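A.B. asks: Here's a structure for you.
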Amino acid sequence: MKSCVSRILTVLRAEKMETHLSFVVLLSICSLSFSQECNQQLLENIDFPGTDIRSVYSPDADHCQQICTQHPSCLFFTFVRADWTRDNRHFYCYLKTTPSGRPNVRTPLLGVTSGFSLKPCSTEPQPCLPKVYHGVDLYGADYQSLFTADYEECQRACTQDPACQFFTFVNDVFTPEKIRYKCHLKFSWAAPILPIIERKAGVVSGFTYKAQITQDFKPACQGKLFPNKDIPGNDIVDLLAASSEHCQSLCSAHPACTFFSFVSNNFKCYLKNNKNEMVPVAKGGVTSGIPARFCQLDDSWVRAALEGVDFRGNDIGFELMDDADTCQRTCSENPNCQFYTYVQTTFFDSVYRRRCYLKRSITMPSPPKVSKLANVVSGFQLRNCVQSPQLTDKRKDVPT
């Protein structure tokens, strides 16, 4: 608590906030952070109603808790289980927050489980998810299918494929018969996806030194870029990227991406799929390229400081810093920080100057939909479980 108060006094001096009200507000924030203790307890049949900030799909309350932990502002959650009977909202994970950091209300409710973010706990950046779920379909996001003898082999196939994040296996009594033993491998982003990128004078943004977009391969390679070239059409997804090299890394991580185009004026990264042909055309301000699949791309772009670029949103907090280099080092030393924005000039109100905003996004496997489906088994890759005590402590089959 003493160090927190010291930091508040530093903020007050630096920002010349001399009013009693300012001190009270900051002290209340400090007290909140001090009072947040590690609480791993899951509360069955207890609802935290209201204060939702987002809903996602999860196969169980443990996964929902990990999603809440990685979300920058989620403090607690309520998960709707498979045995919920009031309507069809099974497997909904409601992420929640309040200014106090605590649920406003706790009410008994059959079919839900509630709990708290593990941010105050010592957690793994990429948690091990060893459970498998019988009668549960992790629907969508398929990029490849094959036939395997059982769900264990399907999970091994997912674990050994760098692109696979989760799977659904169709067992030996599924109807129709022609797709029995089919193993569906599925993709979700294990790399941080930037929510908003804007050009803004007086700020500097960048990534943690530890940013890992693609799997670690040897040997190293430079990749292939086509400056001032566009490859029109064949888009499969568009997202934001800080540079053409960042866009290339995202394309390399996506199993369906065969080439890409990056538009520098709006930071749009278009991932494309066409296995038959690639036809670049001249276009200023656009860089296209080919992904790298079996080598490690040059990651010097990760250390680059982007002047006049704002990575807006997804803040996990801010601290006062003297320069952008210190901000990047602080982000790199924080296991929860993935990218940052530093406010460096007086273009802004003095309240914001010298602030280093640490940021993150959800990178754990997250299915686009979860539903009940008889005679299937689903689960996640086990690459994060190597030598993890979670694998021996938690691995079990979970029925619906």
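A.B. asks: Could we say that L271 is part of a strand (DSSP E or B), closer than 22 Å to I362 by Cα and not assigned by TED's automatic domain parsing to the domain that holds Q344 here?
C.D. replies: So L271 fits the description; yes.
Okay, residues lined up against (1) among the charged types (D, E, K, R); (2) in contact with a helix residue (DSSP H, G or I) (Cβ under 8 Å, 6 or more places away or on another chain); (3) surrounded by fewer than 21 Cβ atoms within 10 Å (Cβ to Cβ):
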residue: F116; (1), (2), (3): no, yes, no
residue: K119; (1), (2), (3): yes, yes, yes
residue: S122; (1), (2), (3): no, no, yes
residue: P127; (1), (2), (3): no, yes, no
residue: V132; (1), (2), (3): no, yes, no
residue: Y139; (1), (2), (3): no, no, yes
residue: Q144; (1), (2), (3): no, no, yes
residue: T148; (1), (2), (3): no, yes, yes
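A.B. asks: Read through the list (1) in contact (Cβ under 8 Å) with a residue 40 or more places away in the chain; (2) buried (at least 17 other Cβ atoms within 10 Å of the Cβ); (3) of a type in the set (G, A, S), then give the number of the only condition that S261 fails.
C.D. replies: (1)
A.B. asks: For residues in region 209-227 being at pLDDT 95 or above and surrounded by 14 or more Cβ atoms within 10 Å (Cβ to Cβ), which is nearest to the chain's Cα centre (by Cα)?
C.D. replies: L225
A.B. asks: Would you please name the residue that is farthest from the chain's Cα centre (by Cα), looking only at residues in region 35-77 that are part of a helix (DSSP H, G or I) and in contact (Cβ under 8 Å) with a residue 60 or more places away in the chain?
C.D. replies: Looking at residues that are part of a helix (DSSP H, G or I) and in contact (Cβ under 8 Å) with a residue 60 or more places away in the chain, I get S35.
A.B. asks: Does any residue in region 112-138 that is farther than 19 Å from C385 by Cβ come within less than 7 Å, Cβ to Cβ, of a residue that is among the acidic types (D, E) and modelled with pLDDT of 95 or more six or more places away or on a different chain, and which pairs are these?
C.D. replies: That search, which allows pairs on different chains as well, returns V112/D47; T113/E44; S114/D47.
A.B. asks: Could you check region 278-382 for strands (runs of 3 or more DSSP E) lying wholly inside it with 3 or more residues that are crowded, with 18+ Cβ neighbours inside 10 Å?
C.D. replies: Answer list for region 278-382: 281-290, 306-312, 339-343, 355-359, 369-380.
The values are calculated or read from the model by the stated rules, or taken from the named source; none is laboratory data. Model, not experiment: these values are computed from the prediction. For neighbour counting, all protein chains shown are included, and Cβ atoms are generated from backbone atoms with ideal geometry for every residue, glycine included.
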